[in-house]
Amino acid sequence: MSVTDSAAKPASAPASRRLTTARAIAEGIAQEMERDSAVVVLGEDIGKYGGIFGATGGLLDQFGPERVMDTPISETAFIGLGAGAAVEGMRPVVELMFADFFGVAMDQIYNHMAKIHFESGGNVRVPMVLMMAAGGGYSDAEQHSQCLWGTFAHLPGMKVVVPSNPADAKGLMISAIRDDNPVIYVFHKGVMGLPWMARNPRSVGPVPAEPYETPIGKAAVAREGRDATVVTVSLSVHHALDVAQQMSAEHGVELEVIDLRSLVPLDREAILGSVAKTGHLLIVDEDYQSFGMSGEIAAIVAETDPGMLRAPVRRVAVPDVPIPYARALEQAVLPVPDRILKAARELVGA
């Protein structure tokens, strides 16, 4: 299995060296800005405000307004600016405040950022990071709560990374900035360690002080197990770990949790290796169920060797409805621990 243990990097950090995911992202960007003068940051409220999710905090004071540029509220303009700067040799990190806002700039993202390298016969590079917040759980309704990483993964020409913890968030950001391809970098608000979100104890963790790369396209084993495989990303990794602990305590069932960390490239070998070991597969995704990540992973197993499965694949994802505003309705559609637990019990007959 080409699975990288996500604990390998954090283990080298001093116990006192703990950051929130938001702080880890900002540190990764800052270290790349120190290393490479071509790295610039732009977007809405990313300067003095530090980004509404904290991912660019402190960068304006450290690097000044020529390299950390607050832009008008025009996603079309500043994402287009980022693509143009990348073509001309810069390495821009562009923050699209919410993933939901990508629609007004889809031409700049999909027809420019993602395709220029292909259209130029490989002669023109677009080393650009498009960073965005995703996810629900705090009653911000249908226009501010979607994940949509499956939408970007469906469109060829861009890498798509989705960290779940502080150490990976820093390492993946550094890898994304250094990559010569355009990279979509999606962070879930629930993993950022924000004081106004529900407390997530794993959103603060050990992060090495030195710069390092977390490889794009290599999944991590967040928890080893023998009885069933849970494949997931982002905040759902945390939910899956909570469920795995409960299943172990109550039923003696050991779930293996695979944190994909990136959708493009997708670590197919890690998925298949784990399912071959456990014989059961549960896919958890906060994106929409139809035509998305969960279906793709199920298809990979079915097309490779369906005989490795001892039970049908189970999926826990967002049904094909807009994310509701009402708290009870929102919790009903999100892949919360109760839904994951129910599916896991049904999968293994616990």
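Provide the gained length on full extension for the span Asp320 to Ala141, in nm with one decimal, where the gain is 0.36 nm per separating residue minus the Cα-Cα distance.
On the way: separation 179, 0.36 × 179 = 64.44 nm, distance 1.45 nm.
In short, 63.0 nm is gained.
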task: Return the whole-Å distance between the Cα centroid of region 245-273 and the Cα centroid of region 282-308.
output: 13 Å
- prompt: Out of Met293, Met247, Met173, any idea which swings most in a Gaussian network model of the chain, alpha carbons joined below 10 Å?
  reply: Met247
- line: Honestly region 165-210 on the Cα gyration tensor test (a ≥ b ≥ c root eigenvalues; a/c under 1.5 rounded, otherwise a/b vs b/c for prolate or oblate) is just oblate
message: Per residue, how much accessible surface does the chain expose to a 1.4 Å probe? Answer in Å², no decimals.
response: 39 Å²
- request: Summarise the accessible area of the chain (1.4 Å probe, protein heavy atoms) by the percent that is carbon and sulfur.
  value: 54 percent
query: Percent antiparallel among DSSP beta bridges with both residues in the chain, to the nearest 5?
result: 20 percent
- line: Too long for a 25 Å Cα-Cα cut-off, among Lys115/Lys170; Lys159/Lys342; Lys277/Lys342; Lys218/Lys277; Lys170/Lys342; Lys115/Lys189, are Lys115/Lys170; Lys159/Lys342; Lys170/Lys342; Lys115/Lys189
- prompt: Under the definition of Cα pairs under 8 Å and six or more residues apart, what whole-number percent is the relative contact order of the chain?
  reply: 18 percent
- request: Please build a GNM for the chain, connecting alpha carbons under 10 Å apart, and tell me which residue among Arg261, Arg91, Arg339 fluctuates the most.
  value: Arg339
- prompt: Between Ala302 and Arg226, 0.36 nm times their residue separation minus their Cα-Cα distance comes to what?
  reply: 25.3 nm
message: Considering only C-alpha atoms, what is the centroid distance from region 86-128 to region 135-154, in Å?
response: 20 Å
message: Please compute the volume of the convex hull spanned by the alpha-carbon atoms of region 212-268 and report it per residue in Å³.
response: 76 Å³
message: If I build a Gaussian network model for the chain, linking alpha-carbon pairs within less than 10 angstrom, which residue out of Met69, Met33, Met197 has the largest mean-square fluctuation?
response: Met197
query: Taking R0 as 30 Å, what's the FRET efficiency between Tyr49 and Val124 from their Cβ-Cβ distance, rounded to 0.05?
result: 0.35
query: Roughly what percent of Cα-Cα pairs across region 79-159 reach past 20 Å?
result: 33 percent
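In percent, how large is the relative contact order of region 156-228, given Cα pairs closer than 8 Å and 6 or more residues apart? Intermediate values should be presented prior to the final figure.
Working: 84 pairs, mean separation 28.3, N = 73.
Averaging sequence separation for qualifying contacts and normalising by length gives 39 percent for region 156-228.
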- request: Please give the calculated 222 nm ellipticity per residue for the chain, where each DSSP H segment of at least 4 residues contributes -39500 (n - 2.57) and the sum is spread over every residue; nearest 500 deg cm²/dmol?
  value: -10000 deg cm²/dmol
- prompt: Based on Cα positions only, what radius of gyration and what Dmax would you give for the chain, in angstroms?
  reply: 19.5, 59
query: Per the Kirkwood formula on distinct C-alpha pairs, the Rh of region 177-274 is how many angstrom?
result: 15.1 Å
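The values are calculated or read from the model by the stated rules, or taken from the named source; none is laboratory data. The shown structure was predicted, so the numbers you read here are calculated from the model rather than taken from an experiment. Counting neighbours? That spans all protein chains shown, and the Cβs are built from the backbone with ideal geometry, glycine included. To get the accessible areas, we keep the full protein, side chains included, count just its heavy atoms, and leave off ligands, DNA and RNA. Shrake-Rupley method; radii C 1.70, N 1.55, O 1.52, S 1.80 Å.
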